[in-house]
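Please read the structure below before turning to the comments.
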Amino acid sequence: MNKIEENSLSKIALKKSINFDMGQTYISKFFDNLLGKLNNFETKSFITRILIKNNTTDIRGLYLYGGVGRGKSMMMDLFFYQVQIKEKRRLHFHDFMKEVHQRILEKRKIEKNKDTVLLVGQDLARKAKLLCFDEMEVKDIADAMILSRLFEVMFDQGTILVTTSNQPPDGLYKDGLHRDRILPFIENLKLKTDIVEMPVGEDWRKRSLSGQKYWLSPVNKKNKEKINEIFKNLSAGFETISENVEVSGRKIKIPKVAAGVARISFDDLCNKPLAAADYIEIALRYKGIIIDNIPSLNDNLRNETRRFIWLVDALYDKNCFLIANANADFSDIYTGEHWKFEFQRTISRITEMSQI
C-alpha cells in the first residue's frame, strides 16, 4: 500500500466513523492527489527541495465550491490534519482578512512609503506553504481591493491555497463596487488551483439531525442527554476543542467546538456585555450553535433578551442553524413587554432556522 492510499481521506473517514456519500467520495480523490504531492515534497531532503525549480509554486491548490451542508469544510479538515508540511494554516477566510488588514496597518506605521501589501504577503507566505480557507466569500470592498496584490505575492512565494466556498470563483464579489479590482485575483485562482464543484447531495445537517427536535424544553436531565447526543452526532470523528473568537481586542471563549459547530451556555453568550457585532463574528465563524440552559426571559432580563435577539438575527442572516435547551418552548420563552414586538421576529426566525 503506498503513502497516498494509506492517507486516503476515505480510509481516514472510516476510522473516524464518518460515512462519505458518493459526491464526497468523488471529491476525496482530488484531496488525496494533492495530499500525495505535498507529503512527497515534505519528505524530500532539504538540499533536494532547494534544488527543485520554483519550490512549491508548481503544485496547484484546490478551490472546492458547492451547496451548504455538503461537508466541504469537514473534508478540508481531514486533508489538513494529514498534511506533513509544518508551515500550514487553516482558518476562516473572514478571520484571515481581519488579520491582513491589521498587519497592513501595523506595517504602515513602521514602513513609510513602501508597498505594505507586498511586505505582508511575503510575511504570510513565509509562515504558510499551505493555506486552507473555510468559506471564501468577498463582500467588503476593502478586501476586494487588496486580494489581487496580496495573492500575487503569496502565490509567487510558493503558497498553496485550498479553500471552500458556496460559489465558483467567477461568483466572488459579483456586482460589487469596483469589482474590476478583484478580477486579477479570480484569474490567479483559476491558474493556481483546481476548481472543483461538490456534487449535489444530502445536507449533512439534515442527515445528522434527522428526527431530532431543535428546541428542547424544559431544561432537565432527559433533554440534556438529548443535546449531548446531538452534539456527538454532529461532531462524529472530530476532536472537541475550545476556541476564542476575537472582536476588537475582546475574546469570547467558546468552550466546545467540533466540525464547525459551537456549543456554549446562554450565560456565556447573553449574560455578558456583548454587542451585535460580536454575534455577527460568531455567526461568521460557525455552521451552527448549540445553546445550553436558556432561561425564561422577561423584563428582569431585559439586556439578556436584547442580546439573544441580536444573536438570533446574526445566526439567521448567516444561514446558521440553532439547537437549544431551554426552560420553555421558543414561542413562550419571552413573557415580558419591553421587547414584545421585536421578539415576534425572533420567534419567526427560530421557526425557519429549525427547519433545516
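The values are calculated or read from the model by the stated rules, or taken from the named source; none is laboratory data. What you are looking at is a predicted structure, and each value in this text was computed from that prediction instead of being measured. All Cβ positions, glycine included, derive from the backbone under ideal geometry; neighbour counts span all protein chains shown.
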Seminar exercise, completed: Picked from segment 291-314 (must be of a type in the set (A, V, I, L, M) and surrounded by 22 or more Cβ atoms within 10 Å (Cβ to Cβ)), the residue nearest to residue 331 (Cα to Cα) is 297
Exercise. Do we find that residue 318 is over 20 Å from residue 219 (Cβ atoms), of a type in the set (D, E, K, R) and in contact with a helix residue (DSSP H, G or I) (Cβ under 7 Å, 6 or more places away or on another chain) in this structure?
Worked result: yes
Problem set entry | Some residue of segment 239-248 being in a helix (DSSP H, G or I) and free of Cβ contacts under 8 Å to residues at least 24 places away in the same chain | no
For this session: Pull up segment 324-344, narrow it to residues that are touching a residue at least 12 places away in the same chain (Cβ under 8 Å) and assigned to a helix (DSSP H, G or I), then point me to the one that is farthest from residue 222 (Cα to Cα).
Result: 342
Exercise. Does segment 129-141 include one or more residues that are outside the structural domain of residue 261 (by TED's automatic domain parsing), touching a helix residue (DSSP H, G or I) at 6+ places or on another chain (Cβ under 7 Å) and part of a helix (DSSP H, G or I)?
Worked result: no
Problem set entry | Near pairs, Cβ below 7 angstrom, 6+ apart or cross-chain, from segment 81-108 (in the same structural domain as residue 38 (by TED's automatic domain parsing)) to any residue that is buried (at least 18 other Cβ atoms within 10 Å of the Cβ) and basic (Lys, Arg) | 85/129; 87/129; 88/129; 92/285
Exercise. Before we move on, is residue 154 under 22 Å from residue 319 (Cα atoms), surrounded by 15 or more Cβ atoms within 10 Å (Cβ to Cβ) and among the aliphatic types (A, V, I, L, M)?
Worked result: no
Exercise. What residue, of 86, 139, 112, is surrounded by fewer than 19 Cβ atoms within 10 Å (Cβ to Cβ), at pLDDT below 90 and under 27 Å from residue 280 (Cα atoms)?
Worked result: 139
For this session: Please tell me if residue 161 is over 18 Å from the mean Cα position of the chain (by Cα) and among the aliphatic types (A, V, I, L, M).
Result: no
Exercise. Just one of 280, 347 is β-branched (Val, Ile, Thr), surrounded by fewer than 18 Cβ atoms within 10 Å (Cβ to Cβ) and assigned to a helix (DSSP H, G or I); which is it?
Worked result: 347
